[in-house]
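Down below is the structure, laid out as structure tokens.
Laboratory data are not the source of any read-out in this text; all were calculated from the coordinates shown. This one's a predicted model, so the numbers in the text were calculated from it and none came from an experiment. Note: ideal-geometry Cβ built from the backbone for every residue, glycine included; neighbour counts use all protein chains shown.
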């Protein structure tokens, strides 16, 4: 069975619905270009649809998607590490320096998944620039010190 959604609010609608009962949007008027559709799909109720949309926006290298992808990274939507990781990767593929602050924040967030932080590091490396490189150097230094302190503490506890 196929599930139909309103392209404006993602409410489930019947196949023959002309006007969304939840938001009043005319279903047929919602024709947008593909970039806009993928940006809207970042709010879709199905997690895999959101991941696919983030992935496609990165492959399209579309700068119009940067604010929406930054929002996904900053909100850590539904604590979904896959979506956050793919959004970070896509920001790196797009290469817009406007994404650097949110990628630095993700990289330094100890509560974020390792996968998401690794994608943030790769994206920062791809984008480049002084701010990105400085953040990567700081993260690398911090990781080395953390491993050193852990090893040193382990020796003292033995």
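Numbers below:
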{"item": "Compactness relative to 2.2 N^0.38 Å, alpha carbon Rg of the range 70-109", "result": "1.03"}
{"item": "Ranked 109, 16, 46, 80, criterion: other C-beta atoms within 10 Å, fewest first", "result": "16, 46, 109, 80"}
{"item": "Alpha carbon centroid spacing (whole Å) that separates the range 66-144 from the range 37-64", "result": "17"}
{"item": "Per-residue Cβ neighbour rank within 10 angstrom, fewest leading, 136, 106", "result": "136, 106"}
{"item": "Pairwise label distance in nanometres, residue 109 with residue 35, each label 7 Å out on the Cα-Cβ vector", "result": "2.5"}
{"item": "For the range 35-157, alpha-carbon Rg relative to the globular expectation (2.2 N^0.38 Å, N residues)", "result": "1.15"}
